[in-house]
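Colleague: Sending over a structure as structure tokens; questions will come in a sec.
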């Protein structure tokens, strides 16, 4: 893993400001504390910071091909690099290192931009082709690794993190009003937008191709799912087992120690079990909990799994006070406003893991393609609700649900279920705030184009059923711009590489071809996955209700963090008061704290926005210093 950045003056090839390039590189030192590297030629400068994982001595970047006219800086891992290397060597390419990075330049030399479709891995990369004066910026098919850019029509600046781009004083710092509305709707900003005006994300599975003629986004991962014809369940289970085991084995390849993040759930338990069977020595496992008898805490289940597997187990507990202390720090590293309440817990468990290993495997990414969420049940069986007579559905039921205190998820589900268009249903169920409340809250004229969130991929899935469409979009939108976003930023904040075997390209191609009938069976979510991992996961875990990886933020906002909420969101001079209606803000805070409504997602979004605005839009020297200060580590504990 690395942090990459660069500048390309694609119109006039004027000299690169090397001092600026070094600043852009050094600001992401946490992503790669082991080494740095630079490539500068007229009009182009590339920089990188390296976290050494494979070929520790020979894998420094930038890396070029034999003739030096194709050069790359690369953040991520290519898991099929050995197979690619064999193919390219047989075709006459000569390799100078044993690193996976070098396969990229030779693949580009042979196949051009089409090489991206051959890479099974996680990556944000830049490839310079000197013979064509072309710079390609690309992000992996599921957006595990981030990549940002700013294009002013003359120069493109890019980086693994926005902080690199903001090092250039020519880049303005201002809020994108429509992106802010999208953030309040979804709790994250969908690709390709960010909350910064003019700064964009390369979307998952896309490449930004820049040449003297300008920059253009191109889709390279454009293989729409083809529904599986042979649906013999036993064959599916056997194939899934093989693919999952192969994905875990591929992603254990490293020249440094590899551990596992372990919860009490199916996905991480299966991953840790396969890892334990593939190694002779005990693996290290890491778990976070929330203490104080919190009913969704998974410490006990994770301990039991660790004992069964004989792992070296480490755990940590997060409190409300720590949550408040770490919020500004997490916002600084997230760079985009992302209001997911598990970011800090994820950071703490990554910090814990960093004390023992350099790489961890996680269970992230299984719920989206295998239908693991409540919203997937609604999509699978929503046709029954839509079969009710409209006066009952839109009248009686809607009024009863709307009148219930709290029950935010249920209200959201009912708003979505009556919609016949699968795309609009998905948008409705993803929206944590209804359009009426959003319009009252925002001071901006006009409503955001919510359907734009899925427009990048909608043509690829029109031929699929409603659930398959939702799962496909989940894996490239909600997953990439929310869970994987904080997964990358929080792990790299402590120089830890987090891998996601359930998003292995070969595995996902098969999973996305499976019909809804094997993903949800008789109301049981992730049915086929649970069958496939049954020999690796105890029955009590397979049958246990899904536990979200989340702290008790709802309770904290009404108790331990209630004063902090008011001081942050409603304080004099707050950005929230500038962008949102004061009276609506007051009403929402009051309604949540007295238990009349469940606004925790919106209120957390407002806190995150306020901290983000302080640090990135209207920063002061003192605030920046405080934001960048690393909090005191909590030492690992063994049960």
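The values are calculated or read from the model by the stated rules, or taken from the named source; none is laboratory data. Just so we're clear, the structure is a prediction, and the values are computed from it rather than from any experiment. Ideal geometry is used to build each Cβ from the backbone, glycine not excepted, and the neighbour counts take in all protein chains shown.
Colleague: Just one of the numbered conditions (1) in a helix (DSSP H, G or I); (2) within 21 Å of the chain's Cα centre (by Cα) is not true of residue 188; which one?
Modeller: Only one criterion is unmet by residue 188, namely (1).
Colleague: Please state which of the following conditions residue 485 fails to meet, knowing it meets all the rest: (1) in the same structural domain as residue 307 (by TED's automatic domain parsing); (2) over 30 Å from residue 259 (Cβ atoms).
Modeller: Here residue 485 clears every test but (2).
Colleague: Also, I was wondering about something else. Give, as residue ranges, the strands (runs of 3 or more DSSP E) completely inside region 48-155 that count at least 3 residues that are over 21 Å from residue 254 (Cβ atoms) and in contact (Cβ under 8 Å) with a residue 40 or more places away in the chain.
Modeller: Working: elements: 70-78, 121-129, 134-139, 148-151.
The qualifying strands (runs of 3 or more DSSP E) are 121-129, 134-139, 148-151.
Colleague: Same structure again: Looking only at helices (runs of 4 or more DSSP H) that lie completely in region 270-367, which have at least 3 residues being touching a strand residue (DSSP E or B) at 6+ places or on another chain (Cβ under 7 Å) and within 30 Å of residue 616 (Cβ to Cβ)?
Modeller: Details: elements: 299-309, 320-334, 343-354.
Counting at least 3 such residues, we get 343-354.
Colleague: Go through (1) under 26 Å from the mean Cα position of the chain (by Cα); (2) buried (at least 20 other Cβ atoms within 10 Å of the Cβ) one by one and return the number of the condition residue 545 breaks.
Modeller: Failing condition for residue 545: (2).
Colleague: Across region 252-265, what is the number of residues that are closer than 16 Å to residue 503 by Cβ and crowded, with 24+ Cβ neighbours inside 10 Å?
Modeller: So the answer is 2.
Colleague: Right, another one. Filter region 407-452 down to the residues that are over 29 Å from residue 578 (Cβ atoms) and not in a helix (DSSP H, G or I), then identify the one that is modelled with the highest pLDDT.
Modeller: Looking at residues that are over 29 Å from residue 578 (Cβ atoms) and not in a helix (DSSP H, G or I), I get 421.
Colleague: Let me ask another. Within region 453-476, which residues are over 30 Å from residue 581 (Cβ atoms) and not in a helix (DSSP H, G or I)? Step through it out loud before you land on a result.
Modeller: Filtering region 453-476 down to residues over 30 Å from residue 581 (Cβ atoms) leaves 456-476.
Answer for region 453-476, where residues must be over 30 Å from residue 581 (Cβ atoms) and not in a helix (DSSP H, G or I): 456, 457, 462, 463, 464, 465.
Colleague: Separate question: I'd like to verify a number: residues in region 230-251 that are surrounded by 17 or more Cβ atoms within 10 Å (Cβ to Cβ) and either out of contact with any helix residue (DSSP H, G or I) (no Cβ under 7 Å at 6 or more places or on another chain) or part of a strand (DSSP E or B) (or both), how many?
Modeller: Count: 1.
Colleague: Can you tell which of 208, 217, 182 is within 19 Å of residue 476 (Cα to Cα) and out of contact with any strand residue (DSSP E or B) (no Cβ under 9 Å at 6 or more places or on another chain)? Let's see the steps before the verdict.
Modeller: Values: 208 fails: out of contact with any strand residue (DSSP E or B) (no Cβ under 9 Å at 6 or more places or on another chain); 217 fails: out of contact with any strand residue (DSSP E or B) (no Cβ under 9 Å at 6 or more places or on another chain).
Only one candidate passes the filter, namely 182.
Colleague: May I pose another question? Has region 166-182 got at least one residue that is outside the structural domain of residue 605 (by TED's automatic domain parsing), surrounded by fewer than 24 Cβ atoms within 10 Å (Cβ to Cβ), over 25 Å from the mean Cα position of the chain (by Cα) and outside any loop (DSSP other than H, G, I, E, B)?
Modeller: no
Colleague: Please go through region 252-269 and pick out each residue that is over 16 Å from residue 308 (Cα atoms) and in a loop (DSSP other than H, G, I, E, B).
Modeller: Passing the criteria: 252, 253, 254, 255, 256, 257.
Colleague: Just name the residue that is farthest from residue 8 (Cα to Cα) out of those in region 128-141 that are touching a helix residue (DSSP H, G or I) at 6+ places or on another chain (Cβ under 9 Å) and surrounded by 24 or more Cβ atoms within 10 Å (Cβ to Cβ).
Modeller: 141
For (1) at pLDDT 95 or above; (2) closer than 29 Å to residue 182 by Cα, each residue gets a yes or a no:
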{"site": "472", "(1), (2)": "no, yes"}
{"site": "483", "(1), (2)": "no, yes"}
{"site": "508", "(1), (2)": "yes, yes"}
{"site": "523", "(1), (2)": "no, no"}
{"site": "536", "(1), (2)": "yes, no"}
{"site": "544", "(1), (2)": "no, no"}
{"site": "563", "(1), (2)": "no, yes"}
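Every residue, every condition in (1) over 23 Å from residue 429 (Cβ atoms); (2) modelled with pLDDT of 90 or more, yes or no:
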| residue | (1), (2) |
| --- | --- |
| 560 | yes, no |
| 574 | yes, yes |
| 577 | yes, yes |
| 587 | yes, yes |
| 593 | yes, no |
| 597 | no, no |
| 600 | no, no |
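Colleague: Still on this structure, I have one more. From the list 626, 614, pick out the single residue that is in a helix (DSSP H, G or I), at pLDDT below 90 and out of contact with any strand residue (DSSP E or B) (no Cβ under 9 Å at 6 or more places or on another chain). Steps first, please.
Modeller: Numbers: 614 fails: at pLDDT below 90.
It is 626.
Colleague: What tally of residues in region 109-122 results from selecting those that are in contact with a strand residue (DSSP E or B) (Cβ under 9 Å, 6 or more places away or on another chain), surrounded by fewer than 24 Cβ atoms within 10 Å (Cβ to Cβ) and under 15 Å from residue 207 (Cβ atoms)? Spell out the reasoning first.
Modeller: Taking region 109-122 first, the residues in contact with a strand residue (DSSP E or B) (Cβ under 9 Å, 6 or more places away or on another chain) are 109, 112-113, 115-116, 119-122.
Next, from what is left, pick out any that are surrounded by fewer than 24 Cβ atoms within 10 Å (Cβ to Cβ): 109, 112-113, 115, 120.
From what's left, under 15 Å from residue 207 (Cβ atoms): 112-113, 115.
So the answer is 3.
Colleague: Of the residues in region 21-46, how many are buried (at least 18 other Cβ atoms within 10 Å of the Cβ) and out of contact with any helix residue (DSSP H, G or I) (no Cβ under 7 Å at 6 or more places or on another chain)?
Modeller: Qualifying residue count for the region: 8.
Colleague: Sort out which residues of region 191-229 are in contact (Cβ under 8 Å) with a residue 60 or more places away in the chain, buried (at least 23 other Cβ atoms within 10 Å of the Cβ) and assigned to a strand (DSSP E or B), and write them in order of number.
Modeller: 196, 201, 206, 208, 210
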